[in-house]
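The numbers here are math on the coordinates, done by the rules we state, and not lab data. None of these values were measured; they are calculated from a predicted model. Every residue, glycine among them, receives a Cβ derived from its backbone with ideal geometry; neighbour counts consider all protein chains shown.
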Amino acid sequence: MMLRWIGRVLLLGLTSFLGLSYWKLEQIRQPIELEEIPRWQVRELDTKQWKIQSISDPERKTIAWFRGNPRGLRCDTSILLTGVQQGKNLLDGSAGLNDPANTVAMEHPIRKYVSKQSWLSYGVAEWWNIGELIRLEMLHTLGALQALLRHTNGSLDGDARFTEQVVLAGGSFGAPFTAALASLENENVSGLLLIYAFTDFEGLFHREFVRQGRIHYKMPSEPEGLVAWSEDLGLRVLAGSLAWFLSTLLEYGEMEAYLPNIRNTPIHFINGRDDRLAPQPSYNLLWNASPEPKSEIWLPGDHINPGDPVALLRVSEYMYDWGKAQGLRGCEKFDS
């Protein structure tokens, strides 16, 4: 009787745990809504560098670099949010272009979160709420990006240096954030640039986990023999399980949830033909989810290398050409 009673208690506990876990997962994976985004504010430190800081959590802050705005001109603006490692490299790479319009490059706020590796000190409570903590990071990144958008949109801020035309440009890991904000702030965004963007997180994680695992354990990509084949199978099964779990947690970050809601805003994709992070089937998900007007250009090579100035300049030129063609990189005189 005692064993049966213990078994029932354990079964009830397991059922409750699984039910609560499923409920949490369903809440976490829902697309982000505008009301969730925490407020940030922008302070211009000098003519080239701005500080962006959370109002509710001042410890959260990042920086942005500004270029443009010749005296006496009101100009259109492009806001760049690139990958975690790229910082202002793309802005520096475009310095040689004859482009008087405004450009702002924001350092990814999540960069500090990743570099601290604070997850190493997590306890049970933090791991239980890991999904909410990751979602909070995206919300705060959107808050910083939203603050920049509202600061540089002349129709919202009233600043005579800026027109009401603002383009959001997201590169690599920055693309999901710009796509989400372009959807949520559609009426305040004039154009969306997605540069080497990727989605299908489950496929992405699985490919990268397998690739990194083979490198780490010095495993061949095409195993020979029963032992090697078994080891490779184990790696792929483990990678698949982790990929499914993480992609489910991050489902709200996939751009297909936001792109269909964008209206009357041109969307332009700049892609790498051999991009391992965004193979053709993955990219097709983004293209098919995007409404018209939309366009694309394919560049040779793999995923963009933030340390390659030639590649960065080439991308900057295509960004400028597209913006100019759309009438989104102009300036006009005003009485200062």
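Would region 240-254 turn up any residue that is under 25 Å from L328 (Cα atoms), in contact with a helix residue (DSSP H, G or I) (Cβ under 8 Å, 6 or more places away or on another chain) and either buried (at least 17 other Cβ atoms within 10 Å of the Cβ) or of a type in the set (F, W, Y) (or both)?
Going residue by residue through region 240-254, those that are under 25 Å from L328 (Cα atoms) are none.
No: region 240-254 contains no residue that is under 25 Å from L328 (Cα atoms), in contact with a helix residue (DSSP H, G or I) (Cβ under 8 Å, 6 or more places away or on another chain) and either buried (at least 17 other Cβ atoms within 10 Å of the Cβ) or of a type in the set (F, W, Y) (or both).
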**OP:** Looking only at region 208-235, count how many residues are surrounded by 10 or more Cβ atoms within 10 Å (Cβ to Cβ) and either in contact with a strand residue (DSSP E or B) (Cβ under 6 Å, 6 or more places away or on another chain) or of a type in the set (D, E) (or both).
**Re:** 3
Subject >> T152 vs. criteria under 24 Å from I63 (Cβ atoms), buried (at least 19 other Cβ atoms within 10 Å of the Cβ) and among the polar types (S, T, N, Q) >> reply: yes
